[in-house]
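The values are calculated or read from the model by the stated rules, or taken from the named source; none is laboratory data. As the structure is a computational prediction, the values presented were derived from the model and not from experiment. In this analysis, Cβ positions are derived from the backbone assuming ideal geometry, glycine residues included, and neighbour counts consider all displayed protein chains.
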Amino acid sequence: MRRTLLLFDDATGRGWEPFALTRPAGELLFGALFLRERIERSLGLPAAAYLSTGRLAGFEEEGAPAVLGEAAEPEEAERLILSSRYVPPLPREGGHRPGLGLPDSAPPGGATLWASGEPIGWLLPPDEPIPPEAHLLAPTEGTSGTRARLELPGRLLETPWELLSRNTARIRSDLEVLHPAGAGEGSELLGPLPGVHRIGKHPVSVAPGVRVDPGAVLDSEEGPIHLGPGVRVHAHTHLRGPTVVGPDSTLLGGLIESLACGPACKLAGEISSSVVLGFSNKAHYGYLGISLVGRWVNLGAGTTNSDLKNNYGPIRVETAEGTVDTGLIKLGVLLGDHVKTGIGTLLNSGTSIGAGSNVFGGEMPDRRVPPFTWGGTEASTVHRLEPFLVTAERAMARRDVALAPGLRRFFEQAWEDSRGQEASGRSEGPRESETSG
């Protein structure tokens, strides 16, 4: 029986600020893989689509499936519907094989799927409709009735900062599966290179096209390192594992440790235990620690974040629903897609900056900066839509990526949903910032 994999964002995933406005939860990076990729690998089945809020229906990114919104029609195939927050074991991790032990065909009437005591989705025969929106938002509501119950290995992530607190261990275990002893997944063990200093017992694996300059240090004492296709490591870079660097990214110098980054990033300075989704720049010195950075972010020279309170107390994050105690002693910042910071910007621990914001000025920004903000404090205004689109188009063109008409409409809708009503009654604000670096 043909089977279609659909991933859904429930109410929790749709509340993952500051990322949910512009991307499904499955397009966040955890360890060496995006959450969607992890589910696909565990099943040996590509995701056909996301089921999420209609606001994300125009989401467009290479490798990601389309977002169907709330009106997905049944297909003539079984539907395997899984939470995009679900973290299954990879094949061979703990002895698991592709498929997660699911039956070859759905039982009559379908089955609800559970992991670690929580509902994570459904396996439905072709004649069963996709659960209604209310059940996608709250899967517990869709677990009653006569459906069978199937238990799967793995667990759900509850918060976006779990992608950080668990990231170092996740990178290590992922690379042990994906690149054991430096082999596998189109990679090979890096051999001796003139002038490159090697430290540590864990493997350093590289894909084709990697270049490591003399004067770089590759330190695998604490865990493995993997460099994706086309990665460039400049001299005076001290790279510590466990770390995974995405395709065509460039490391420009500094101490970089426990990093997971996606494609086409340019990174320098001191970076520790952070996740960068891709196409983002931190090309100057400054500290980025225990932070989750979206796509198309540019951090001006000297941008630095705190990841520890002076009193060593737990860090709190401001959300639309109020203040959340993370329970973490160390946590940096959460930066949405297309965020820009000016030179010398200082960010407090637990700061969340919404997509499309341009943060600058001499004051430390608020702990929660709404999407499409121009400034970053109470005196800020709304980042106007057209200047934002012009900047986004210019930034993407620098990586040979076009702001396609569909993606332009997507950002227009995101702006309207988050700031349109507010902007209609406020000053337009300045057109350009001279503070970016």
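Just a few scattered comments:
- Tally of residues being within 26 Å of the chain's Cα centre (by Cα), outside any loop (DSSP other than H, G, I, E, B) and more than 18 Å from residue 299 (Cβ to Cβ) across segment 361-385: 3
- Any hit, segment 306-322, residues being touching a Lys or Arg at 6+ places or on another chain (Cβ under 7 Å), among the polar types (S, T, N, Q) and modelled with pLDDT of 95 or more: no
- Residue in segment 360-373 that is at pLDDT below 95, more than 23 Å from residue 291 (Cα to Cα) and loosely packed, with under 15 Cβ neighbours inside 10 Å present: no
- Screening 313, 254, 300 for residues that are surrounded by fewer than 24 Cβ atoms within 10 Å (Cβ to Cβ), out of contact with any strand residue (DSSP E or B) (no Cβ under 7 Å at 6 or more places or on another chain) and assigned by TED's automatic domain parsing to the domain that holds residue 171 leaves exactly one candidate, 313.
- Of the residues 101, 186, 109, the single one that is in a loop (DSSP other than H, G, I, E, B), under 24 Å from the mean Cα position of the chain (by Cα) and modelled with pLDDT under 95 is 186.
- Condition check for residue 143: modelled with pLDDT under 95, more than 16 Å from residue 101 (Cα to Cα) and touching a Pro at 6+ places or on another chain (Cβ under 7 Å): yes
- One residue stands out in segment 7-35 among those that are buried (at least 24 other Cβ atoms within 10 Å of the Cβ) and assigned to a helix (DSSP H, G or I): the one that is farthest from the chain's Cα centre (by Cα), namely 13.
- Against the numbered list (1) free of Cβ contacts under 8 Å to residues at least 12 places away in the same chain; (2) surrounded by 16 or more Cβ atoms within 10 Å (Cβ to Cβ), residue 333 comes up short only at (1).
- Among residues of segment 207-225 that are acidic (Asp, Glu), those with a beta-carbon under 6 Å from a residue that is surrounded by fewer than 21 Cβ atoms within 10 Å (Cβ to Cβ) and not in a loop (DSSP other than H, G, I, E, B) at least six positions away or on a different chain give the pairs 219/199; 221/199.
- Among the residues of segment 29-82, those identified as hydroxyl-bearing (Ser, Thr, Tyr) and either modelled with pLDDT under 90 or farther than 25 Å from residue 245 by Cα (or both) are 50, 52, 53.
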